[in-house]
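The values are calculated or read from the model by the stated rules, or taken from the named source; none is laboratory data. Being a predicted model, the structure only gives us computed values, none of them experimental. Quick reminder, even Gly has a Cβ in these numbers, built from the backbone with ideal geometry, and neighbours come from all protein chains shown. Accessible surface areas use protein heavy atoms only, side chains included; no ligands, DNA or RNA. Shrake-Rupley method; radii C 1.70, N 1.55, O 1.52, S 1.80 Å.
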Amino acid sequence: MPGWGSNGTGSLFTSISAPAATGRLWTGFSTTATHIDVMPRLKSLKRCARARAMRAVRRFMRGHGATGAPLKPRRVSDPVIRFRAPRDGETVVDDQVQGKVSVANRDLDDLVILRSDGSPTYNLAVVADDHDMGVTHVIRGADHLTNAARQAQIYSALGWDRPVFAHVPLIHGPDGAKLSKRHGALGIEAYRAMGYLPVALRNYLVRLGWSHGDDEIFSMDEMVKWFDLTEIGRSPSRFDFSRLENLNGHYIRLSEDEALGAMLRAIVPDLPMEEKPPNADNEESWRKLSQAMPGLKERAKTLVDILNAGRFVFASRPLEIDDKAGKLLDEDARNVLRALLQPLEALHEWNVSEIEAALREFTGMSGLKLGKVAQPLRAALTGRTTSPGIFDVLSVLGKEETLARIQDQVS
RNA sequence: GCCCCCUUCGUCUAUCGGUUAGGACGCCAGGUUUUCAACCUGGAAAGAGGAGUUCGAUUCUCCUAGGGGGUGCCA
């Protein structure tokens, strides 16, 4: 996405417009790229306004006589310049999404276009700036619909052609209230820190207010090929985290292990303390994490989930055992673990297939179901009742660490 | 208050006047399974209400209700 963030006074939620020449996207506008034609005229208007206001005040004071106090106007407070809007008729905006929207002109007031300090206000600035840049399409949130009518009037007053307007429906929060930068807004960085992938976010967002038959998963190419303004619905939607999580899980499972590892390391600084892995600067732990990635990504909905589920590779002994895992480690379980030490110790090769063979042989001999062996092991090795496949856990941890963690529980 | 926009399962949506109103997420049940996920099968779940137009309305029109947005020397 080009042009995220804010430049000067504009920002993501204000306006997105495309200059014809380059086809690049711009967000907001810059008040420094100014409007050669308009500004000087307005400036002089302002001087006139001030002079006129002075005269009016004097007149008023004369009219009220010299009743006492020293009534001598020093200076008129700085005037503003307003746009003289048409009083009759209506202004019609032909919007690509909303259709023809008409507003009676009597409902649109004479808005301020130049502040008392001489700077232009939003509605004048976007119009002048978009015009200067040759912007062809103004696409923004439906909260700007009324502004479009005002801006249309300004375009007309200036004798300029209007760009194409498109006002897309807003996205409300899960509670149905507006989601915007000034109210309960979540910036894009917040979603990053929650462990959402850019691809997932894009895919989720594109389906809000827009659809392509029954399709749910879109590649970037498909989005570009199929998306069209004319197919956008007009009703606002709610932000649904479970839907986002589902897509995010989908894309995590599709991601390469190395790519996930890189993203994980990148977001660690942005995470709250309790979500950061312990000893996060330990390279060996990161190596183990990437080794465990196939099993971890299978189970995760967010990057934070991966870090959380993969915490056991970062943890140092003695391991913290959570409540559920603790209850699992009763006397029977400890006996199983004790009996496991010897056959594991005897393994020369420490890899998934050797480990699996050894454990299955053990269950065969002892008559225990694999679950009766796997769960205590899982508890002792990860401190949790859920984890990636148990053979993978042993393999990733390494022989020495595995035996030590079991020893911690049986002694 | 005034103006504008919106209204199909809880949520996102499909439907270009005639369908058993479809799909997805979530939820419930079952299957698979070393846990949890993933995956597979099945299930519950919707046209806000009222008038019209029409042989026939979810679909077109109007009204009501509800929701949202706007109404700044904010953007």
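So A:Val103 passes all but one of these: (1) open to solvent by less than 90 Å² (accessible area, probe 1.4 Å); (2) modelled with pLDDT under 90; (3) not basic (Lys, Arg). Which condition number does it fail? For A:Val103, the failing item is (2). Taking (1) open to solvent by less than 10 Å² (accessible area, probe 1.4 Å); (2) part of a helix (DSSP H, G or I) in turn, A:Gly195 satisfies each apart from (2).
Contact map, region A:94-108: first residue more than 15 Å from A:Ile139 (Cβ to Cβ) and in a strand (DSSP E or B), second residue more than 6 Å from RNA strand B (Cβ to nearest atom) and open to solvent by 40 Å² or more (accessible area, probe 1.4 Å), Cβ cut-off under 6 Å, separation 6 or more or different chains; pairs are A:Lys100/A:Val92; A:Lys100/A:Asp94; A:Ser102/A:Glu90; A:Ser102/A:Val92; A:Ala104/A:Glu90.
Just need a number here: residues in region A:221-236 that are part of a helix (DSSP H, G or I) and either among the hydrophobic types (A, V, I, L, M, F, W, C) or surrounded by 11 or more Cβ atoms within 10 Å (Cβ to Cβ) (or both). Summing the residues that are part of a helix (DSSP H, G or I) and either among the hydrophobic types (A, V, I, L, M, F, W, C) or surrounded by 11 or more Cβ atoms within 10 Å (Cβ to Cβ) (or both) in region A:221-236 gives 7. Under the condition of being surrounded by fewer than 23 Cβ atoms within 10 Å (Cβ to Cβ) and closer than 27 Å to A:Leu205 by Cα, the residues counted in region A:111-139 number 4.
Considering the conditions (1) open to solvent by 30 Å² or more (accessible area, probe 1.4 Å); (2) in contact with a Pro (Cβ under 7 Å, 6 or more places away or on another chain); (3) modelled with pLDDT under 95, A:Phe239 is excluded by exactly one of them, (1).
For region A:204-238, a residue qualifies if it is among the aromatic types (Phe, Trp, Tyr) and more than 8 Å from RNA strand B (Cβ to nearest atom), and the qualifying residues are A:Tyr204, A:Phe218, A:Trp226, A:Phe227.
Checked against (1) surrounded by 18 or more Cβ atoms within 10 Å (Cβ to Cβ); (2) touching a Ser or Thr at 6+ places or on another chain (Cβ under 7 Å); (3) of a type outside the set (Gly, Ala, Ser), A:Phe218 passes all but condition (2).
Yes or no, residue by residue, for (1) within 9 Å of RNA strand B (Cβ to nearest atom); (2) in contact with a Lys or Arg (Cβ under 7 Å, 6 or more places away or on another chain); (3) of a type outside the set (A, V, I, L, M, F, W, C); (4) closer than 24 Å to A:Glu298 by Cβ:
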{"residue": "A:Arg338", "(1), (2), (3), (4)": "no, no, yes, no"}
{"residue": "A:Glu356", "(1), (2), (3), (4)": "yes, no, yes, yes"}
{"residue": "A:Gly364", "(1), (2), (3), (4)": "no, no, yes, no"}
{"residue": "A:Lys372", "(1), (2), (3), (4)": "yes, no, yes, yes"}
{"residue": "A:Ala379", "(1), (2), (3), (4)": "no, no, no, yes"}
{"residue": "A:Thr385", "(1), (2), (3), (4)": "yes, yes, yes, yes"}
{"residue": "A:Asp392", "(1), (2), (3), (4)": "yes, no, yes, yes"}
{"residue": "A:Lys399", "(1), (2), (3), (4)": "no, no, yes, no"}
{"residue": "A:Thr402", "(1), (2), (3), (4)": "no, no, yes, yes"}
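Remark: pairs (first residue in region A:206-222, among the acidic types (Asp, Glu); second residue near RNA strand B (Cβ under 7 Å from one of its atoms); Cβ separation under 8 Å; 6+ apart in sequence or on different chains) = A:Glu216/A:Arg207.
Among the residues in region A:284-293, are any open to solvent by 80 Å² or more (accessible area, probe 1.4 Å) and farther than 22 Å from A:Leu197 by Cβ? Yes, region A:284-293 contains a residue that is open to solvent by 80 Å² or more (accessible area, probe 1.4 Å) and farther than 22 Å from A:Leu197 by Cβ. The set of residues in region A:151-183 being open to solvent by 50 Å² or more (accessible area, probe 1.4 Å), free of Cβ contacts under 8 Å to residues at least 60 places away in the same chain and within 24 Å of A:Ile113 (Cβ to Cβ) consists of A:Ser156, A:Gly159, A:Asp161, A:Arg162, A:Arg182.
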